[in-house]
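To keep things clear, I will list the structure first and then write my remarks on it.
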Amino acid sequence: MLPNTSPALTQARSPPAPAVTAFSSLFDSSIMATAIAVAMPGDRPRVPAGFGKYAEALKEFNHVISLHPASVRLARALKDRAWFQATCPDASFRNGQQAIKDAKAACSIMIWKDENTIDTLAAAYAEIGDFDSAAQYAQQALAVKDISSINSKRIQRHLQSFQQHKPIRL
C-alpha cells in the first residue's frame, strides 16, 4: 500500500505492483479522480495515452474539459486534447476538425502568445492536409517572444515536416 493512502484507494498485491499501477489505482476513486483532473488537467489523460490506451485517454481529456477549469487550465486541456487528436498514432482517434477547434480556442485563451499552443494548431491543420496553414502557424509559433531554444528546435522540425506535406505523429 502507498504511504498516506487508505485501503480503498489502493489494491494489495503480491508481489507489490509497480509504481505506475499503484498510481493508476488512485484513479479508481471518482473523488480523487476529479481532484487530480482539476489540479493537473492534461496530466491525468496522459497516463493512459502513454500506454496506448487511446479510448481511455480521449475519455479523460473530455472529462477534464467538462469540469470547466480556470482559463489557463482550460487552455492546457484543450491544447492537450487537440494535440492528441491531431497526432495520435491510431487513426481512429484522430479528428483534425475538432483539433483545430480546440487549438483555436486554446490560442484565444492564451492570447496567441504561447508557442506550444500555436504549434498544436499547426499540427491540427497538418492532420487535415492543409499544410500551408500548418506552416503558417508553425512560423507564427516560432515568432513568439522569448521562445526557448528547445521549443524553437522542435517547432522547426515540425515546420520542415509540414513543408514536406507530412503530419506529426506521436
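The values are calculated or read from the model by the stated rules, or taken from the named source; none is laboratory data. The structure displayed is predicted, hence computed values, not measured ones. Cβ: placed from backbone, ideal geometry, glycine included. Neighbour counts: every protein chain shown.
How many of the residues making up the stretch 89-146 are at positive phi and of a type outside the set (V, I, T)?
The total comes to 3.
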Keeping to the stretch 149-170, report how many residues are at pLDDT 95 or above and not in a helix (DSSP H, G or I).
6
Check the stretch 108-121 and report whether any residue there is surrounded by fewer than 23 Cβ atoms within 10 Å (Cβ to Cβ), under 18 Å from S71 (Cα atoms), within 18 Å of the chain's Cα centre (by Cα) and aliphatic (A, V, I, L, M).
yes
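This table checks each residue for (1) more than 23 Å from Y54 (Cβ to Cβ); (2) small (G, A, S).
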| position | (1), (2) |
| --- | --- |
| S71 | yes, yes |
| R76 | no, no |
| R81 | no, no |
| T117 | no, no |
| T120 | no, no |
| G129 | no, yes |
| I147 | yes, no |
| F162 | yes, no |
Could you please tell me which pairs satisfy a Cβ distance under 7 Å, a separation of 6+ or placement on different chains, a first residue in the stretch 144-170 that is hydroxyl-bearing (S, T, Y), and a second residue that is in a helix (DSSP H, G or I)?
S152/L142
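Name the one entry in F84, F27 that is in a helix (DSSP H, G or I) and at pLDDT 50 or above.
Matching residue, one of F84, F27: F84.
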With the first residue restricted to the stretch 51-67 and required to be in a helix (DSSP H, G or I), and the second required to be modelled with pLDDT of 80 or more and loosely packed, with under 15 Cβ neighbours inside 10 Å, Cβ contacts under 7 Å at 6 or more apart or on different chains are Y54/D90
